[in-house]
Amino acid sequence: MNLVLLGPPGSGKGTQGERLRDDLDLPYYATGDILRAAVRDETELGRTAKEYMDRGDLVPDDVIVGVIAERIDSAEAADGFILDGFPRTVPQAEALDAKLAELGRALTGVLLIDVSDDEVVRRLGGRRTCEENGHVFHVEFNPPEREGVCDIDGSPLIVRDDDKPEVIRNRLTTYHGKTEPLVGHYDRLSLLRRIDGVASPDEVADAISRTLATLRMEADEAV
Ligand SMILES: [Zn+2]
């Protein structure tokens with residue numbers, strides 16, 4: 001099971017990724033984390049990545065693919081992996097495909113957790129954060145007892161800049177601009193599976209399990 005997870009901010013992708021990691025007993029690679037780990041462990045590629053980061057430059061695709069390949073090519077990922085946060089562009093997807101082919105591997109499937117923009121704005125835009133200690137509430141899903149006041153320490157609740165509707169819309173525009181070509185790429189390779197992300201986390205997890213069962217069957221038939 002070599003999987004890639006795609007989905008907008010607020011889709012619950014991270015939650016589902018962690019559940020998959022536990023259910024399938026596969027390593028879950030959130031790209032930002034493994035890049036930071038490579039830098040911390042001072043692997044050769046980690047040192048290269050750090051040079052770019054220290055200059056404030058983007059780490060080039062081939063370096064990121066190299067860092068991911070180091071992990072994929074290790075014993076922990078022998079049975080598969082779950083990749084989140086990479087690839088973000090078609091060239092990155094192509095670089096990943098090529099690297100996997102070199103390792104004699106291929107993606108089993110790409111799961112797109114689909115949530116409408118309005119739903120993302122509802123989920124993220126309803127968050128209220130306590131000014132003093134960062135406690136998080138939600139006007140709809142987890143409202144404080146008194147509007148605008150933190151239940152725990154009585155501090156005022158504010159809308160963080162990241163949670164302002166116009167900022168969320170901007171992030172979504174960026175997400176769609178980058179992700180849609182990627183969705184097309186994986187669709188052409190018949191790897192893309194859409195999961196309705198609007199249901200409850202348990203229902204989304206069930207839908208993912210059913211999709212994986214189908215992918216497994218198809219993989220077995222192909223052998
Ligand atoms: Zn608080």
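Okay, here's what the table says:
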read-out: For peptides 115-123, 143-151, sequence by mean Cβ density within 10 Å, most packed first; value: 115-123, 143-151
read-out: Coarse-grained scattering of the chain at q = 0.10, 0.17 Å⁻¹, given as base-10 log I(q)/I(0) from a Debye sum over alpha-carbon atoms; value: -0.54, -1.27
read-out: Residues of type aspartates and glutamates that K99 reaches as a straight line, Cα spacing below 12 Å, ignoring anything fewer than 8 places off in the same chain; value: D61, D62, E70, D73
read-out: By accessible area with a 1.4 Å probe, ligands and nucleic acids excluded, highest first: order of L96, L189, L157; value: L189, L157, L96
read-out: Degrees between helix 165-188 axis and first principal axis of the chain (Cα, 0 to 90, nearest 10); value: 20
read-out: Accessible surface of the chain, 1.4 Å probe, proportion on carbon and sulfur as whole %; value: 48
read-out: Dipole of the stretch 54-194 [Lys/Arg +1, Asp/Glu -1 at C-beta], most positive-end residue of P181, V63, H138; value: P181
read-out: Prolate/oblate/rounded call for the stretch 139-219, Cα gyration tensor, a/c under 1.5 rounded; value: oblate
read-out: Among A95, A213, A30, residue whose mean-square fluctuation peaks in a GNM of the chain (springs only between Cα atoms under 10 Å); value: A213
read-out: C-alpha long axis of helix 31-40 to longest principal axis of the chain, angle in °; value: 80
read-out: Radius 14 Å from Cβ of I152, net charge of other residues (Lys, Arg +1; Asp, Glu -1); value: -3
read-out: Angle in degrees between helix 201-222 and the longest Cα principal axis of the chain, rounded to the nearest 10; value: 10
read-out: Accessible area per residue in Å² at 1.4 Å probe, computed on the stretch 29-157; value: 53
read-out: FRET efficiency for Y52 and A213, using Cβ-Cβ distance with R0 set to 45 Å, rounded to 0.05; value: 0.65
read-out: In nm, spacing of pseudo-spin labels at T173 and E131 (7 Å Cα→C-beta vector); value: 3.0
read-out: Computed E for D161/A37 - FRET, C-beta separation, R0 22 angstrom, nearest 0.05; value: 0.15
read-out: Relative packing of peptides 6-13, 135-142 - highest average C-beta neighbours within 10 Å first; value: 6-13, 135-142
read-out: Cα-centred dipole magnitude for the stretch 1-160, charges only on beta-carbon of K, R (+1) and D, E (-1), debye, nearest 20; value: 220
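The values are calculated or read from the model by the stated rules, or taken from the named source; none is laboratory data. Please read these numbers as outputs of a predicted model, since none were measured by experiment. When we count neighbours, we look across all protein chains shown, and the Cβ atoms used for this are built from the backbone with ideal geometry, even at glycine. Just so you know, the surface numbers come from the protein's heavy atoms only, side chains and all, with ligands and any DNA or RNA stripped out. Shrake-Rupley method; radii C 1.70, N 1.55, O 1.52, S 1.80 Å.
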